[in-house]
Amino acid sequence: MKKLILNLIMSFVLLATFGLDSLAQTPKEGTESFTTSYYGTSKIVPLGDGRVHSAYEAIGVTVSDTGEGLFHGATVHVLGNMTIEKGVYNDDKFYGVFNLVNGDKVCFTGTTAGKAGGLGKGVATLIGGTGRCVGIQGSYEFTRNPLRPAIEGIGQSYTKAKIQYKLP
């Protein structure tokens, strides 16, 4: 009987020590500032004088300003489309997924407006997730900064964002 009680006490101590530590690793709420670098391709359909429709796919990697956090080191996949008229777009709509380092996914959607080839400003909303991120809620504002592409036929850019999220 003493052995059983001792085993129960040891199990409780181990559970409290390591169980609470794992809960502390994933905060229920968080705010992170991060930069995401993107590589993308697009398909363009001319719609008349000074107007085109673009559908694009982009992949990227996210690095938090602190070097840690839920989104640090996440890869990103985004699909979106927009109409550019006289060099301006205000209807960029996209959907994407952050693939977190731990294997969980966080899905998002958003919109951007700006000048083609120039800065774009937008907002994204977290719409779901997998694993520990099921039911995640949050949003982030961002600025998209275009870069001169390394090779012809692709697009490259980076975004600066500050995300606020809440896990259930």
When residues of the range 135-147 are limited to those that are hydrophobic (A, V, I, L, M, F, W, C) and more than 21 Å from ASP91 (Cβ to Cβ), the one surrounded by the fewest Cβ atoms within 10 Å (Cβ to Cβ): LEU147
Right, VAL101: modelled with pLDDT of 95 or more and in contact with a strand residue (DSSP E or B) (Cβ under 8 Å, 6 or more places away or on another chain) or not? no
Screening LYS121, LYS105 for residues that are touching a residue at least 24 places away in the same chain (Cβ under 8 Å) and among the basic types (Lys, Arg) leaves only LYS105
Does ARG132 satisfy the condition of being in contact (Cβ under 8 Å) with a residue 12 or more places away in the chain, among the basic types (Lys, Arg), surrounded by 14 or more Cβ atoms within 10 Å (Cβ to Cβ) and part of a strand (DSSP E or B)? no
Of all residues making up the range 135-168, the number that are of a type in the set (Lys, Arg) and in a loop (DSSP other than H, G, I, E, B): 1
Name the single residue, out of those in the range 64-81 being aliphatic (A, V, I, L, M) and closer than 16 Å to ALA161 by Cβ, that is surrounded by the most Cβ atoms within 10 Å (Cβ to Cβ). LEU70
Can you tell me how many residues in the range 52-63 are in contact (Cβ under 8 Å) with a residue 24 or more places away in the chain and surrounded by fewer than 18 Cβ atoms within 10 Å (Cβ to Cβ)? 6
Subset of the range 102-125 (residues that are assigned to a loop (DSSP other than H, G, I, E, B) and surrounded by 16 or more Cβ atoms within 10 Å (Cβ to Cβ)): ASP104
Please determine whether any residue of the range 148-157 is surrounded by 14 or more Cβ atoms within 10 Å (Cβ to Cβ), of a type in the set (A, V, I, L, M) and without any contact (Cβ under 8 Å) to a residue 60 or more places away in the chain. no
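The values are calculated or read from the model by the stated rules, or taken from the named source; none is laboratory data. Predicted, not measured: the structure shown is a model, and the values here were computed from it. No Cβ is skipped: glycine too gets one built from the backbone with ideal geometry, and neighbour counts run over all protein chains shown.
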